[in-house]
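The values are calculated or read from the model by the stated rules, or taken from the named source; none is laboratory data. Only a predicted model underlies this, so the values are computations on that prediction, with no experimental measurement involved. All Cβ positions, glycine included, derive from the backbone under ideal geometry; neighbour counts span all protein chains shown.
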Amino acid sequence: MSESGLAPAAPGVTNGDERLLEVTGLKVYFPITRGIVIERHIGDVRAVDDVSLTLRRGTTLGLVGESGCGKSTLGRAILRLYQPTAGRISFDGQDITTLGGAALRSVRRRMQMIFQDPYASLNPRMTAGGIVGEPLDIHSIGNRGERRQRVQELFEIVGLDPTFAERYPHEFSGGQRQRIGVARALAVNPDLIVADEPISALDVSIQAQIINLLERLQGQFNLTYLFIAHDLSVVRHISDQIAVMYLGRIVELASSKGLNREPLHPYSVALLSAIPIPDPAVESRRRRIILRGDVPSPAAPPPGCRFNTRCWLRERLGNPSRCTDEDPQLRELATGHAVACHFAEEVAGSPEQLQVTGRPAATAGSAPESTSGGGAATQSPSPAPGAVPPPAR
Ligand SMILES: Nc1ncnc2c1ncn2[C@@H]1O[C@H](COP(=O)(O)OP(=O)(O)OP(=O)(O)O)[C@@H](O)[C@H]1O
Ligand code: SF4
Ligand SMILES: [Mg+2]
């Protein structure tokens, strides 16, 4: 990077460690208070509750889960837009959990965010060029001429005509606005980008264009992404690893391929079963696993396993007391594949998993024998009637 910081973006300074981000035991609680004159603390919304993950430089971690499970809160806490209640965030080898002032501003320059709604996230009173160049102003990078030049360059990088820089957000389409959001995130040559549902508000036809743009930019600038979505079908295309989140916790963490091939948490199996298959003949034969009820309140999560109120596996196993008595921790069942379920061994090769993955029984059950102590032996059933081929990747 030049002295002005305006040279073409380059891979971030490396500390010799491939791990760019390490989150350990992170908790973000929002206090619930009552009373107007005297505020009493009566509880907490446990939006993120003991989350640990590692993000390697130049890779994408997809974060999925239903609405309200804490994805955005986790993303914002990582960027230090929310102060963590407990735990540790390490960025490029530096503990940033409690960083403040100039030190935090300096780290923030290397971590940017792309927002869900390109309509709401762009200031309607600023020109597109002003929006893209704003981070350069905030971080006092370059003089006016250099900033203008950098803004033009950024427009070209994201596939926008630089002569549009004087236009206002309402003069752009949804896809173009998201490109402006991407250009703004890129302005200060970040290492990490938290993309919070960046395509959810876009037309389906535009979604693929933005995904392709993000993938191209990742290769070009060695970017690291935390890609948040509520839909597994979106993240599995772009992610190297996927973390499935439920009620403030990560319940499954695996490579994208591993999760698609062999989901091991009942919740992940249900999410995968909801992805439509393009072939109508196959789709019509498939059974969806419908999760009953809503996600419980993060202010009062169920005792034991947080998923127990909606779990199809628990029901199938005859409601073992362990599900309501003991909080399952993430444990590695296969290399790089961790799951937080006492009975995950029962999922491997189960009819429900086979419905989703369509794998023949012979390849199922790569997980070790059951250590759950729940009494039920690991099953290796024949393919379920109507088992379907894997969903299109
Ligand atoms: N500033 C806040 N104050 C209090 N509660 C909050 C705050 N922000 C989020 N929450 C609560 O924390 C929980 C997690 O919210 P969060 O927005 O992180 O979920 P999400 O997974 O991003 O959901 P969505 O898919 O709808 O964006 C929710 O119950 C939400 O109501
Ligand atoms: S621990 Fe029990 S309730 Fe939780 S996911 Fe596993 S089977 Fe379901
Ligand atoms: Mg969100």
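Could you tell me which of the residues I210, I193 is more than 20 Å from R110 (Cα to Cα) and of a type in the set (V, I, T)? Spell out the reasoning first.
Numbers: I193 fails: more than 20 Å from R110 (Cα to Cα).
Checking each option against the conditions leaves just I210.
Give the residue that is farthest from ligand 1 (Cβ to nearest atom), with candidates limited to residues of region 67-82 that are over 16 Å from V45 (Cα atoms) and not β-branched (V, I, T).
Our first condition is that a residue be over 16 Å from V45 (Cα atoms); within region 67-82, this holds for 75, 78-81.
Adding the requirement that they be not β-branched (V, I, T) leaves 75, 79-81.
Numbers: G75: 8, L79: 13, R80: 15, L81: 10 Å.
This residue is R80.
Determine the pairs where a residue that is farther than 17 Å from D50 by Cβ and near ligand 2 (Cβ under 8 Å from one of its atoms), located within region 323-344, has a partner that is in a strand (DSSP E or B) and not small (G, A, S) with Cβ atoms under 9 Å apart, the partner being 6 or more residues away or on another chain.
Listed by first residue and then by second, the contacts come to A344/E252; A344/R331; A344/L333.
Filter region 186-235 for residues that are within 16 Å of ligand 1 (Cβ to nearest atom) and of a type in the set (D, E, K, R); which is surrounded by the fewest Cβ atoms within 10 Å (Cβ to Cβ)? Can you show your working first?
To start, the set of residues in region 186-235 that are within 16 Å of ligand 1 (Cβ to nearest atom) comprises 194-202, 226-235.
From what's left, of a type in the set (D, E, K, R): 196-197, 231.
On the way: D196: 22, E197: 20, D231: 14.
Filtering region 186-235 for residues that are within 16 Å of ligand 1 (Cβ to nearest atom) and of a type in the set (D, E, K, R), the one surrounded by the fewest Cβ atoms within 10 Å (Cβ to Cβ) comes out as D231.
So which residues in region 1-49 are among the hydrophobic types (A, V, I, L, M, F, W, C) and either surrounded by 14 or more Cβ atoms within 10 Å (Cβ to Cβ) or modelled with pLDDT of 95 or more (or both)?
Taking region 1-49 first, the residues among the hydrophobic types (A, V, I, L, M, F, W, C) are 1, 6-7, 9-10, 13, 20-21, 23, 26, 28, 30, 32, 36-38, 42, 45, 47-48.
Those that are among the hydrophobic types (A, V, I, L, M, F, W, C) and either surrounded by 14 or more Cβ atoms within 10 Å (Cβ to Cβ) or modelled with pLDDT of 95 or more (or both): L6, A9, L20, L21, V23, L26, V28, F30, V45, A47, V48.
Among the residues in region 67-77, are any polar (S, T, N, Q) and at pLDDT below 95?
The initial filter retains those residues of region 67-77 that are polar (S, T, N, Q), namely 67, 72-73.
Checking the rest, the ones that are also at pLDDT below 95 come to 67.
Checked region 67-77: at least one residue is polar (S, T, N, Q) and at pLDDT below 95.
Can you find a residue in region 263-270 that is out of contact with any strand residue (DSSP E or B) (no Cβ under 9 Å at 6 or more places or on another chain) and surrounded by fewer than 18 Cβ atoms within 10 Å (Cβ to Cβ)?
The answer is no, given that none of the residues of region 263-270 is out of contact with any strand residue (DSSP E or B) (no Cβ under 9 Å at 6 or more places or on another chain) and surrounded by fewer than 18 Cβ atoms within 10 Å (Cβ to Cβ).
Could you check, for region 325-340, whether at least one of its residues is surrounded by fewer than 18 Cβ atoms within 10 Å (Cβ to Cβ), more than 23 Å from the chain's Cα centre (by Cα) and modelled with pLDDT under 95?
No, that holds for no residue.
Given the condition loosely packed, with under 15 Cβ neighbours inside 10 Å, assigned by TED's automatic domain parsing to the domain that holds R216 and part of a loop (DSSP other than H, G, I, E, B), answer yes or no: does some residue in region 103-113 qualify? Lay out the reasoning, then the answer.
As a first pass, look at region 103-113 and keep what is loosely packed, with under 15 Cβ neighbours inside 10 Å: 103-106.
From what's left, assigned by TED's automatic domain parsing to the domain that holds R216: 103-106.
From what's left, part of a loop (DSSP other than H, G, I, E, B): none.
No: zero hits.
Out of G181, G159, G174, G145, I need the residue that is surrounded by 19 or more Cβ atoms within 10 Å (Cβ to Cβ) and either small (G, A, S) or not assigned by TED's automatic domain parsing to the domain that holds D231 (or both). Which one? So that I can check it myself, show each step before the final result.
On the way: G159 fails: surrounded by 19 or more Cβ atoms within 10 Å (Cβ to Cβ); G174 fails: surrounded by 19 or more Cβ atoms within 10 Å (Cβ to Cβ); G145 fails: surrounded by 19 or more Cβ atoms within 10 Å (Cβ to Cβ).
It is G181.
Which of the following residues is out of contact with any helix residue (DSSP H, G or I) (no Cβ under 9 Å at 6 or more places or on another chain) and within 19 Å of N189 (Cβ to Cβ): A102, A77, A120, A86?
Details: A77 fails: within 19 Å of N189 (Cβ to Cβ); A120 fails: within 19 Å of N189 (Cβ to Cβ); A86 fails: within 19 Å of N189 (Cβ to Cβ).
Checking each option against the conditions leaves just A102.
Those residues that are of a type in the set (G, A, S) and within 14 Å of I289 (Cβ to Cβ), I need them from region 244-271; list them, please. If you could, list the steps in order and put the result at the bottom.
Of all residues in region 244-271, those of a type in the set (G, A, S) come to 248, 254-256, 258, 268, 270.
The answer is S268, A270.
Do we have D117 as under 26 Å from D50 (Cα atoms) and charged (D, E, K, R) here?
Details: under 26 Å from D50 (Cα atoms): no; charged (D, E, K, R): yes.
The answer is no for D117.
Scan (1) charged (D, E, K, R); (2) more than 17 Å from V244 (Cα to Cα); (3) part of a helix (DSSP H, G or I) for the single condition R292 breaks and write down its number.
Unmet condition: (3).
Quick check: is even one residue across region 33-52 within 16 Å of ligand 3 (Cβ to nearest atom), assigned to a helix (DSSP H, G or I), farther than 21 Å from D240 by Cα and of a type in the set (V, I, T)?
For region 33-52, residues within 16 Å of ligand 3 (Cβ to nearest atom), assigned to a helix (DSSP H, G or I), farther than 21 Å from D240 by Cα and of a type in the set (V, I, T): absent.
Before we move on, is A300 of a type in the set (G, A, S) and outside any loop (DSSP other than H, G, I, E, B)? It would help to see each step written out before you state the result.
Values: of a type in the set (G, A, S): yes; outside any loop (DSSP other than H, G, I, E, B): no.
Taking the combined requirement at face value, the residue does not satisfy it.
Against the condition among the acidic types (D, E), at pLDDT 95 or above and closer than 27 Å to H342 by Cα, how does D191 come out, does it pass? Outline the logic, then answer.
Working: among the acidic types (D, E): yes; at pLDDT 95 or above: yes; closer than 27 Å to H342 by Cα: no.
No: the conditions fail for D191.
What are the residue pairs meeting all of these: first residue in region 79-99, first residue assigned by TED's automatic domain parsing to the domain that holds S52, second residue small (G, A, S) and assigned to a loop (DSSP other than H, G, I, E, B), Cβ atoms under 8 Å, and 6 or more apart or on different chains?
Taking only residues 6 or more apart or on different chains, the pairs are D92/G12.
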